[in-house]
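Below you'll find the structure, written out as structure tokens, and then a few comments.
The values are calculated or read from the model by the stated rules, or taken from the named source; none is laboratory data. Keep in mind that this is a model prediction, so the values were computed, not measured. Cβ placement follows ideal geometry from the backbone for every residue including glycine, while neighbour counts extend to all protein chains displayed. Side chains are part of the model used for accessible areas, which takes the heavy atoms of the whole protein and leaves out ligands, DNA and RNA. Shrake-Rupley method; radii C 1.70, N 1.55, O 1.52, S 1.80 Å.
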Amino acid sequence: TFTARAAAEMRTRLRDLGVAGVQARTFHSAALRQLQYFWPQAVGGPMPSLIENKVRLLTEVAQRMRMTVDRAGLRDLAGEIEWAKSSLISPELYPEQVAKIERDIPFDAAKVAAVYAGYEGLKARRDGSALLDFDDLLLHTAAAIENDAAVAGEFRDRYRCFVVDEYQDVTPLQQRVLNAWVG
């Protein structure tokens, strides 16, 4: 599902129907659970910490770039980075892709791309250990299943069927994860 509330409602309905052995989760919750289990095998070492709010890191990136951005602008940048990642658009391709689809963006495309790249770099170096954001959960889950046959085999042996509530709202990143899950 797309929201924790919808997942909880599904779990309640399934329990009330007496259905056992079924999980109802958001894409992100499922990905987090899978990464926590598979990270040592697929990547090695402890899983990086999860950041819940991009704004603090984006503030640091903007300051390094000598950009003056208010709180609303930082939220706009966070939203734009989330859109780009969920659309499978890298910082390098961001200007080209937003121009191609004529997307209305909060700042100049080159600036957004630079902040996006800076944000990704800062997450990779923060305090000597990497950080993950919620979109990274999906990216790393897909990559672990796509690139490690043992992970894919174990995962697909455990989970055989998937139902996506409101499938029409699936992002390209969520579709990539779903494709990895299904095989």
Some residue of region 26-48 being touching a strand residue (DSSP E or B) at 6+ places or on another chain (Cβ under 9 Å) and of a type outside the set (A, V, I, L, M, F, W, C) = yes
message = Every residue in region 32-57 that is of a type in the set (Gly, Ala, Ser) and in contact with a Leu (Cβ under 8 Å, 6 or more places away or on another chain), please.
response = 49
request  = List every residue pair whose Cβ atoms lie under 9 Å apart, where the two residues are 6 or more positions apart in sequence or sit on different chains, the first residue falls within region 164-183 and is at positive phi, and the second residue, located anywhere, is part of a helix (DSSP H, G or I).
outcome  = 166/6; 183/145; 183/152; 183/155; 183/156
message = Checking the structure you have, find out if any residue of region 102-115 is under 26 Å from residue 146 (Cβ atoms) and modelled with pLDDT of 95 or more.
response = yes
message = Checking the structure you have, find out if any residue of region 152-159 is in contact (Cβ under 8 Å) with a residue 40 or more places away in the chain and among the basic types (Lys, Arg).
response = no
task = Please tell me if residue 24 is buried (at least 16 other Cβ atoms within 10 Å of the Cβ), touching a residue at least 60 places away in the same chain (Cβ under 8 Å), under 17 Å from residue 177 (Cα atoms) and aliphatic (A, V, I, L, M).
result = no
inquiry  = With modelled with pLDDT under 90 and open to solvent by 90 Å² or more (accessible area, probe 1.4 Å) as the only criterion, which of 11, 33, 5 stands out?
reply    = 11
key: Residue selected from region 36-59 under the condition open to solvent by 50 Å² or more (accessible area, probe 1.4 Å) and assigned to a helix (DSSP H, G or I), by the criterion nearest to residue 158 (Cα to Cα)   = 37
